[in-house]
Structure formats: C-alpha cells, structure tokens
Amino acid sequence: MKRGVEEFQPTPEQVEAAGLMTEDAPHLMLPKSYLSPSQVSTYLRCSKQYEYRYIYKMRTPPGALAAQGTACHRGAEVTHHNIVDNNEPLPTEEVVSAYSDAYDKAAERITSWKAEGVDKGAAKDVGVQLVTLYNLNFAPNVKPMVDANGVRGIEEKVEVDVNGVPMLGFIDLIDENDQSGFSLEEAALVKDHGMVVPAELRTSVVDFKTKAKKATRGELDGSLQFTYYSYAKKIPRIRMDMFLRHKQPKIFQATSLRTEGDYQWLFAVVEGVARAISAGVFPPCDPTSWCCSAKWCGYWKDCRGKVL
C-alpha cells in the first residue's frame with residue numbers, strides 16, 4: 001500500500017499502556033499512550049496531519065520563525081529560575097546570551113529561511129529585543145510558584161488524566177504575583193491602603209507565545225491548552241504573555257478565567273479525540289481551511305497535493 005493510506009495497528013504495549021477510558025469503555029489505542037494539548041489541537045485542526053505526524057511519525061522541518069519562539073522561551077526560563085534562586089531576574093546580558101545560544105541551536109534545523117522570506121539574522125535581533133524588554137519590564141514583577149515539594153512552576157511537567165484519558169503537558173510559568181489584571185492606578189490604590197490582593201486572584205498559569213499579532217479574545221477564552229493547564233493545577237486564572245514581533249517589538253499580557261463548564265467541555269473534546277484516534281478515524285480537513293495548502297501544511301505533497 002502507499003504510505004499514508006495503510007491502517008494503523010497499535011502494538012500490544014501501546015494498548016496495555018493506554019489503559020481504559022472509562023470503566024465501561026474500550027481500550028484506548030494512542031500512538032504515544034497519552035495525549036497532549038498540541039496533539040489534541042493538531043487532530044482538531046486536521047486529523048490527517050495528526051495521522052502523518054503521530055501514526056506514521058513523518059516529521060516536517062520547523063518553520064523559519066520557530067527558532068525565535070524556542071529561544072524566547074529559553075530566555076524567560078533562565079531569568080525565572082534566577083528569580084527563585086536570587087530573588088531577582090538574571091542580568092539582561094546573561095538572558096540575551098541564553099537566548100542567543102538557544103536560537104543558534106534551533107536555527108540549525110531550519111532549512112526554509114529563503115523559501116519563507118525570513119532573514120535569519122534579523123529574526124534573531126527581534127528576539128533579542130523581546131527578551132530584553134521582558135527581562136527589564138516584566139520579569140521583576142514575576143514570582144514563580146514553588147510547591148511544598150520544591151517543584152518550580154517553570155517549564156513544569158504536568159500529567160493528569162482527563163476523563164480517563166492520560167494527558168501530558170508543560171507549563172511555561174505559574175506566576176503567584178500576576179498584576180496584569182490591575183491598572184497602574186488600581187495597583188497603587190491597593191498598595192496605598194495596605195491591602196493585600198488574595199493569592200487566588202494573583203496566581204496565574206502563564207504561557208508564552210511569540211506572535212505577529214495579538215491573540216483574539218476568543219482564542220484566549222477558548223484555548224484547550226490553557227483549559228488543560230488550569231484543570232491540572234486547579235488554578236482558574238490563565239495568562240498569555242505575547243512576544244509580538246512588530247516593527248517595534250512589544251509584549252502584551254492578556255488574562256482569562258476557566259470555570260467548571262470549561263472543564264466539562266475539555267472532558268468532552270479530549271474523550272472524543274481519544275476515541276476517534278483509537279478507532280483509526282483520520283479524515284482530511286475542509287479543503288477551504290487555511291492549513292490545507294502547500295504553504296501551511298508540511299504534509300501537502302503526501303496528501304491533497306498528490307491528487308491535484
């Protein structure tokens with residue numbers, strides 16, 4: 001059979017590792033024995049992409065701007081650890097050095113600079129401006145969570161079953177001093193009156209995104225990735241820190257809340273995706289979708305591109 005059309009057959013080990021979805025449900029058959037927020041998002045965007053990536057293990061090279069995002073995460077990570085260790089952000093030149101090393105390493109895997117019209121050096125410089133801006137203006141207010149066992153809320157691995165489906169993810173930051181929900185005037189008023197904002201209103205699950213434009217309110221409120229992190233840590237408040245690669249780079253923070261209703265919807269979506277994967281259901285996405293094109297899909301030539 002041609003690659004991309006043969007039926008996936010899970011190994012006995014995968015079947016055993018996956019366990020049961022519910023007491024009366026059939027065994028899950030997940031290629032990695034668990035789901036992650038990125039796996040769920042991939043399946044919902046295009047289940048055929050999921051099949052190529054996770055069933056047939058056909059990896060595509062990262063996009064030209066992936067190095068910038070990876071390196072910005074690294075710059076934030078090292079300064080957050082220094083806040084825990086020394087009660088202050090890492091010196092900016094050291095943050096930039098960590099960013100630069102991560103960028104150079106990630107850039108080695110990228111082959112599409114010219115095809116995507118991205119200048120490797122210019123993209124790196126924009127990231128330098130972004131991590132510098134973050135370290136000077138945002139990191140000083142951050143207080144990473146450290147739990148009773150000494151586990152830091154910095155790139156924290158979280159493994160929680162969602163309605164019986166094993167899930168795994170990594171949280172960029174859990175910030176116990178989130179001030180993004182207060183204006184400067186409100187923060188000053190609280191401080192002047194000697195008031196203390198309750199911890200539950202100051203603690204946020206934070207994810208960093210390097211983007212060309214701000215996320216919409218719908219994207220923030222509906223993100224299943226954030227809903228999973230909120231559910232896993234029992235923290236209702238979430239925050240997206242957007243590193244915006246504008247002509248004048250800037251950082252924008254936006255918050256949202258998760259409720260029991262959001263968790264119930266997470267259960268329904270994750271269980272539905274897990275059942276569909278286990279049943280071997282991988283239909284192509286709507287051909288009018290933005291991702292169904294040679295530009296945006298790395299599997300185009302193995303999928304729709306073969307018949308056009």
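When both the stretch 25-84 and the stretch 253-289 are represented by their alpha-carbon centers, they are found 15 Å apart. Counting neighbouring Cβ atoms within 10 Å and putting the fewest first, the residues H80, H246 line up as H246, H80. In terms of other Cβ atoms within 10 Å, I277, I83, I171, I251 run from fewest to most in the order I251, I83, I171, I277. For the cross-link pairs K114/K295; K143/K211; K48/K211; K120/K306; K48/K105, the ones whose C-alpha atoms lie over 21 Å apart are K143/K211; K48/K211; K120/K306; K48/K105. With the cut-off at 1.5 for a/c, could you classify the stretch 66-141 from its C-alpha gyration tensor as rounded, prolate or oblate? It is prolate, given that a/c is not under 1.5 and a/b is the larger ratio.
The ranking of T70, T210 by Cβ neighbour count inside 10 Å, starting from the fewest, reads T70, T210.
Contact order, relative form, for the stretch 66-141: 44 percent (alpha carbon pairs under 8 Å, 6 or more residues apart, mean separation divided by residue count).
Bear in mind these aren't lab numbers, they're just calculated from the coordinates by the rules spelled out. Every value quoted in this text rests on a predicted model; they were computed, and no experiment measured them. Here Cβ is always computed from backbone atoms with ideal geometry, including for glycine, and neighbour counts include all displayed protein chains.
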